[in-house]
1. Can you find a residue in region 287-296 that is touching a Phe, Trp or Tyr at 6+ places or on another chain (Cβ under 6 Å) and open to solvent by 30 Å² or more (accessible area, probe 1.4 Å)?
2. Where the second residue is modelled with pLDDT of 95 or more and the first is of a type in the set (Lys, Arg) and lies in region 248-274, which pairs have Cβ atoms under 9 Å and are six or more apart or on separate chains?
3. What residue, of 279, 214, 244, is among the aliphatic types (A, V, I, L, M) and open to solvent by 20 Å² or more (accessible area, probe 1.4 Å)?
4. What strands (runs of 3 or more DSSP E) completely inside region 447-524 contain at least 3 residues that are touching a Leu at 6+ places or on another chain (Cβ under 8 Å), in contact (Cβ under 8 Å) with a residue 40 or more places away in the chain and within 18 Å of residue 541 (Cβ to Cβ)?
5. I'd like the full set of residues that are open to solvent by 60 Å² or more (accessible area, probe 1.4 Å) and touching a Lys or Arg at 6+ places or on another chain (Cβ under 8 Å), limited to region 168-180.
6. I'd like the residue in region 343-363 that is touching a helix residue (DSSP H, G or I) at 6+ places or on another chain (Cβ under 9 Å) and part of a loop (DSSP other than H, G, I, E, B) and, out of all such residues, is least open to solvent (accessible area, probe 1.4 Å).
7. Filtering region 491-510 down to residues that are modelled with pLDDT under 95 and among the small types (Gly, Ala, Ser), which residue is most open to solvent (accessible area, probe 1.4 Å)?
8. Name the residues in region 135-151 that are surrounded by fewer than 19 Cβ atoms within 10 Å (Cβ to Cβ) and within 24 Å of residue 437 (Cα to Cα), would you?
Amino acid sequence: MPISASIGRRRTALAFVAAATLFGTMALPAVAEAHGHGWNKPKTEDLQLLAINDLHGNLEPPAGSSGTVKEIDATGATVSTPAGGVEYLATALRQARQGHPNTVTVAAGDLVGASPLVSALFHDEPTVEAMNKLGLDVTSVGNHEFDEGKAELLRLQNGGCHPTDGCYVKGRKFKGADFEYLAANVTNEKTGRPILDPYWIKNVHGVKVGFIGATLEGTPNIVTAEGVKGLKFGDEVETINKYAAELKRKGVNSIVALIHEGGLPASQVYNYDCGAAGAGISGPIVDIAKQLDPAIGAIVTGHTHNAYSCAIPDPNGVPRSVTSAASFGRLFTEINLKLDKRTGAIVRPSVTAANHIVRRTVDKAPDMTDLIAYYSKLAAPIAGRAVGFIGGDINGRGSSDLEKPLGDVIADAQLAGLAPAEKGGAQVAFMNPGGIRSDLVFKASGSEGDGVVTYGEAFTVQPFTNMMQVKTLTGAQLIQLLQQQVSGLNEAAPKILQSSKGLTYTLDMNKTGAARVLVDSVKLNGAAINPTAAYRVAANEFLAGGGDGFPAFAAGTDKLVGASDLDLFTAYLTANSTAAAPLAVPAQDRIKIIGVGQDVD
């Protein structure tokens, strides 16, 4: 095991000893034993954990609904409270650490990837630098850490200039993460070894605390094939339990799991009570938590962008804390626990956990303000350029509807750009809901003016810059594609594709599986789909490769590669809107919904 597994890659032995000595002295009680044989020694050590997840490079306060948290106010009403932004997050975490000499800051993945322009333009180096300043100690990898592949993830950990874009400022070299990335269940296909350390150990006054980090096993289904090339993603439970056993053999009996997989609480209110035995939460994390080694005293999760602090029974039926701090830095979780100095284990009944809103009413952290200003100035010539105009809020990420207004716009943009014969001859286009990362907000975010869409804002909506593809599908395959939204890999958590104008159909969410798509209702430009006819279908390269549980796309033929999704989006906004005639909010009339359903991405 590398030295980083015991004391951290960038922590020298001297610094470790000095810190241990300092805190050890601070922990000495001021009362002597009755018989005068020395000092009373406490039987436990207190430890505070501060946790975040799914930041996605949101250094600036997120706009629109992506920058709010639902809470119950003093009158009992549910309100949306502005939240997030690393200037406020840093202040909140620093305040939370006060009075806690033993504190560790952790994360559960997706700190980077699908990021706004001020971070993404620089391959998320700004976010890593912000996390260094924030005092992050350790994080699991998430699926988005693989957006640019293994080599780029290792560069974020170890530092160095980007292999293509180089260093962004002469004489300023990226130093990499001061915190540890953990990837217990991500292994090299050839060697079978983890690509990064599987765990990290923190010594708290003689009690060793192990942190195991893993991402969801299904990462290859939601990341481009190139991003996970040569990698294998193992079962979360099997892998974490394997390393829990290894830690125990090394005398580490206090263990925390950091897992980039999550759950779905029954309420979107941030401090919703999950109820007895976690009855108010569902999703993959429930089954995972019920199978993880009882030696794991707390589980920090992510991926679903939800907020919860629940107690889910371990294999022995004993309640165990399972938490998630939503996304985009809008919340952080505070977990307080006691470590038994005799057994070295987490005292399970002592564990308390609560989510806290990162309110924008606190002072901004000056170092974060300076960091954002530095990179914003570098990005300004690109970010501030106007690319279009809108007549009102066009919600994407912030819409809970199966057919999202911004999804309609994006799909229309892709169809418009790829319909010409020389561009692919597309007849219909589809956008995956998870690829819509934000909203288009009417209110100005800066000095551009209300209703103006800047390049930076458009980039925040479509940050992947996936290349578009047009393929030929038969009518039968097109129907199968629609059915895969609600069956197969997507049956438990439907993913409703956003479709371009001209395609209409009915979804009956009272039915189950593929039957939810009423086949006779599917029409293109008013004509029923002919099962044997050929149709040219456009999608980004992720979807076109079968991602998100849509293998029907991968079966398409006669592939033609087009421009990037971002280029098509910005071109469409420019061509179809002016200050005098802004783009209207779509009517959302392409998919008729019967019953109630919610897509998860």
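1. Taking every residue of region 287-296 in turn, none turns out to be touching a Phe, Trp or Tyr at 6+ places or on another chain (Cβ under 6 Å) and open to solvent by 30 Å² or more (accessible area, probe 1.4 Å).
2. Matching pairs, first to second residue: 248/210; 248/255; 248/293; 248/295; 250/201; 250/208; 250/210.
3. Working: 214 fails: open to solvent by 20 Å² or more (accessible area, probe 1.4 Å); 244 fails: open to solvent by 20 Å² or more (accessible area, probe 1.4 Å).
When all the criteria are applied, what remains is 279.
4. In region 447-524, 467-474 are the strands (runs of 3 or more DSSP E) which contain 3 or more residues that are touching a Leu at 6+ places or on another chain (Cβ under 8 Å), in contact (Cβ under 8 Å) with a residue 40 or more places away in the chain and within 18 Å of residue 541 (Cβ to Cβ).
5. The answer is 178, and nothing else.
6. As a first pass, look at region 343-363 and keep what is touching a helix residue (DSSP H, G or I) at 6+ places or on another chain (Cβ under 9 Å): 356-363.
Checking which are part of a loop (DSSP other than H, G, I, E, B) leaves us with 358, 360-363.
Values: 358: 0, 360: 75, 361: 122, 362: 43, 363: 120 Å².
In this case the residue turns out to be 358.
7. Among them, the one singled out is 492.
8. Answer for region 135-151, where residues must be surrounded by fewer than 19 Cβ atoms within 10 Å (Cβ to Cβ) and within 24 Å of residue 437 (Cα to Cα): just 149.
The values are calculated or read from the model by the stated rules, or taken from the named source; none is laboratory data. Quantities reported herein were computed from a predicted structural model and do not represent experimental measurements. Positions of Cβ are backbone-derived with ideal geometry, glycine not excepted, and every protein chain shown enters the neighbour counts. With ligands, DNA and RNA removed, areas are computed over all heavy atoms of the protein, side chains included. Shrake-Rupley method; radii C 1.70, N 1.55, O 1.52, S 1.80 Å.
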